[in-house]
Amino acid sequence: QSGPVIDMPVPASFNDITQDPSLENYIGWVWYEKEVLLPPRWLQGDPAPRVVLRFGSAHYYSIVWVNGVQVVEHEGGHLPFEADISSVVQGSPGALCRITVALNNTLSPHTLPPGSIQYMADKSRYPRNYFVQNTRFDFFNYAGIHRPVVLYTTPAAYIDDITVTTTSSDTVAMVQYQVSVVGSTASSLSLSLRDQEGKVVAAGDGPVGELKVLNPNLWWPYLMHENPGYLYSLEVKMQAQVGRELLEDVYTLPVGIRTVHVTSTQFLINGRPFYFHGVNKHEDADIRGKGLDWPLIVKDFNLLRWLGANSFRTSHYPYAEEIMDLCDAYGIVVIDESPGVGIKLPESFGNKSLQHHLAVMEELVRRDKNRPSVVMWSVANEPASELPPAAHYFKTVIAHTKALDPSRPVTFVTDANYALDHGAPYVDVICVNSYFSWYHDPGHLEVIPLQLTAQFENWYKTYQKPIIQSEYGADSVPGLHSDPPMMFTEEYQQAMLREYHSVFDKKRKEYVIGELIWNFADFMTNQGTTRVLGNKKGIFTRQRQPKAAAFVLRDRYWKIANESSCLPPVITSHSLFL
């Protein structure tokens with residue numbers, strides 16, 4: 001061991017757990033270790049079960065050993081990885097199983113997100129070997145094992161992957177499926193699709209096919225239907241002869257029947273125009289950092305529904321599977337974003353970066369491809385897309401993502417000038433971030449109508465694609481007030497939102513298909529002269545208490561929902577829709 005050994009909870013970021021400032025901003029290797037006793041039945045049998053060690057995510061580069069034997073390494077955070085550890089553990093039944101993880105949070109120009117290490121050579125100003133981790137994104141670079149680590153078993157032959165796509169009309173839906181089995185060349189598969197009452201509504205067999213569902217219950221977004229987020233259960237049963245044993249594996253996949261289609265002016269879900277009135281979020285909270293926390297997750301979903309939000313973007317990385325499960329169940333629509341944030345340097349557009357980005361998209365699509373809540377992939381946020389190499393880079397990443405999943409539109413989120421953006425020709429939906437009267441013309445709310453209208457008209461004239469305002473907002477320190485409104489007060493945040501909203505209301509009659517506030521809640525950032533304990537653009541505090549802007553947004557979102565809803569108009573901005 002090369003340093004002190006301390007207790008560390010999992011899942012959690014390690015940064016805020018102790019009183020040690022050097023751990024708060026630590027860059028480099030940390031080691032986790034735990035010993036567990038495996039059930040004897042996991043280690044016996046002919047063939048013995050397959051024992052798998054799975055990580056929900058770890059930040060960023062991981063090497064894992066079991067009983068001193070390296071079993072997996074993985075580059076990148078935010079996405080799961082696993083290892084078959086059967087051969088390591090089955091030789092020593094009754095012995096403790098020691099799991100060791102080395103984790104490195106260093107970011108380079110070729111990681112996602114990218115970063116760079118800067119050594120400070122001036123010995124008159126910095127200690128020897130002093131360095132800092134530079135990043136080009138505005139959130140704290142939390143690190144650690146952020147999501148659950150589990151051990152599970154499957155039979156020696158098992159269901160490895162399932163892919164489901166759906167098409168539907170008013171009276172009939174088709175559920176196309178593809179199932180892959182590993183460990184046997186002589187397996188049989190049977191599938192049954194059950195509704196929420198447990199009734200089998202369709203059945204099939206074989207690795208590829210389609211199920212016909214009569215009078216289907218479609219998966220609808222929250223506030224678009226009185227029964228949003230309707231999920232069927234697809235039960236897949238495999239039987240396989242391995243040696244003298246007949247093995248069986250069963251997997252149940254939630255399935256939502258819904259379609260997505262993009263026109264030059266609209267985003268259609270199940271053939272009906274959908275308007276994104278939602279938020280951008282972060283996985284971020286006091287003490288646990290980016291660590292998975294169930295009470296926080298459920299609180300956030302209750303706030304989203306109180307707000308009348310029907311959607312969010314996973315800014316700026318894939319969120320936990322547990323969060324995505326609730327989006328499927330509650331009908332919250334998701335723009336699923338990769339960790340491609342802060343791609344600013346020319347060297348981050350080279351082949352090494354590109355290959356890693358393609359691999360990350362493969363991992364993300366494999367994880368989330370069957371989720372009805374996911375209606376669009378976002379491959380990046382605010383890259384330097386005005387640089388010439390961005391054309392080939394984004395053409396390739398977007399084409400690769402569409403090849404992996406032809407059923408969904410693909411975008412990236414831009415803050416580049418409409419006339420200079422080399423990536424925009426390849427997206428299906430234009431997603432634009434702008435902060436008029438904040439980062440530009442600070443304090444001048446009166447410029448918003450002109451500048452925001454010009455932004456929309458220039459983008460639409462150039463590309464004839466629907467547009468989402470994917471970020472807008474202002475910092476506000478809760479309890480800070482001034483009239484007339486001044487920057488950082490709750491009044492200024494309210495006033496800026498209202499200026500943006502008046503333009504949205506004109507343009508949503510044409511080709512603007514959504515608005516996502518930045519941000520749902522205050523979140524931690526690196527220290528800096530414009531950041532007071534983090535970014536204060538939340539409409540809720542980091543502790544999830546509403547600022548004045550939350551009520552402005554709530555009134556607006558319920559009003560929009562009531563305008564476009566097929567629900568009875570008794571819903572008011574003061575109802576809680578459960």
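Some observations on this one:
- Anisotropy class assigned to region 260-564 is rounded, per the alpha carbon gyration tensor with a/c under the 1.5 cut-off.
- Residues of the chain: accessible area per residue with a 1.4 Å probe, Å²: 43 Å²
- The distance from the alpha carbon centre of region 241-269 to that of region 294-338 is 20 Å, rounded to a whole number.
- Protein accessible area in region 21-154, 1.4 Å probe - carbon and sulfur %: 53 percent
- With 0.36 nm allotted per residue and the present C-alpha distance subtracted, the E197-W294 stretch has 32.2 nm of extension available.
- Prolate/oblate/rounded label for the chain (Cα gyration tensor, a/c 1.5): oblate
- Charge dipole (the chain, unit charges on Cβ, about Cα centre) - positive-most of A83, P221, N302: P221
- As a fraction of the 1.4 Å probe accessible area of region 260-564, surface on carbon and sulfur atoms comes out at 57 percent.
- In terms of the mean number of neighbouring beta-carbon atoms within 10 Å, the peptides 250-260, 86-96, 48-58 order highest first as 48-58, 250-260, 86-96.
- Euclidean distance between Cα centres, region 376-440 to region 476-507, Å: 28 Å
- Estimated FRET transfer efficiency when R0 is 51 angstrom, pair R531-K506 (beta carbons, to 0.05): 0.90
- Built amide H within the under 5 Å cut-off of F523, gap 5+: N535, K537, G538
- Each of P127, L37, V255 was scored by the projection of its Cα onto the charge dipole of the chain, and the greatest displacement toward the positive side belongs to V255; charges sit on the C-beta of Lys, Arg, Asp and Glu.
- Applying a threshold of 26 Å to the alpha-carbon distances of K395/K507; K34/K299; K506/K559; K344/K536; K299/K344; K465/K509 flags K395/K507; K34/K299; K299/K344 as lying beyond it.
- Sequentially through region 237-250, phi angles give Karplus couplings (6.51, -1.76, 1.60; θ = phi - 60°) of 10, 10, 10, 8, 8, 10, x, 9, 9, 9, 9, 10, 10, 10 Hz, Gly and Pro residues having no value and appearing as x.
- About its Cα centre, the dipole of the chain is roughly 320 debye, where the only charges are +1 on Lys and Arg Cβ and -1 on Asp and Glu Cβ.
- 11 Å beta-carbon shell around V200, net charge (K/R +1, D/E -1): -1
- A simple packing score, the average count of other Cβ atoms within 10 Å per residue, orders the peptides 446-456, 464-474, 535-545 as 464-474, 535-545, 446-456, with the highest score first.
- Region 260-564: antiparallel DSSP beta bridges as a percent of all, rounded to 5: 25 percent
- Alpha carbon centroid spacing (whole Å) that separates region 131-191 from region 97-116: 22 Å
- For region 546-553, putting each phi into the Karplus relation 6.51 cos²θ - 1.76 cosθ + 1.60 with θ = phi - 60° gives couplings of x, 8, 4, 4, 4, 6, 4, 5 Hz, in residue order, rounded to whole numbers and with x for Gly and Pro.
- Other-chain or far-sequence residues with amide H under 5 Å of V279's (modelled H): S311, F312, R313, I517
- In plain terms, the chain from R54 to Q266 could stretch by 72.3 nm, reckoned as 0.36 nm per residue minus the Cα-Cα distance.
- Considering only the chain, percent of DSSP beta bridges that pair antiparallel, nearest 5: 75 percent
- Amide H contacts under 5 Å for G115, placed H, 5+ residues apart: S108, H110
- For region 488-502, 3J(HN,Hα) computed residue by residue from phi via the Karplus equation (6.51, -1.76, 1.60; θ = phi - 60°) reads 6, 8, 5, 5, 5, 4, 4, 5, 5, 4, 5, 5, 4, 4, 5 Hz, glycine and proline entered as x.
The values are calculated or read from the model by the stated rules, or taken from the named source; none is laboratory data. Just so you know, these numbers come straight off a predicted model, no measurement behind them. Please note: Cβ atoms are built from the backbone with ideal geometry, for glycine as well, and neighbour counts cover all protein chains shown. For accessibility, only protein heavy atoms count, side chains too; no ligands or nucleic acids. Shrake-Rupley method; radii C 1.70, N 1.55, O 1.52, S 1.80 Å.
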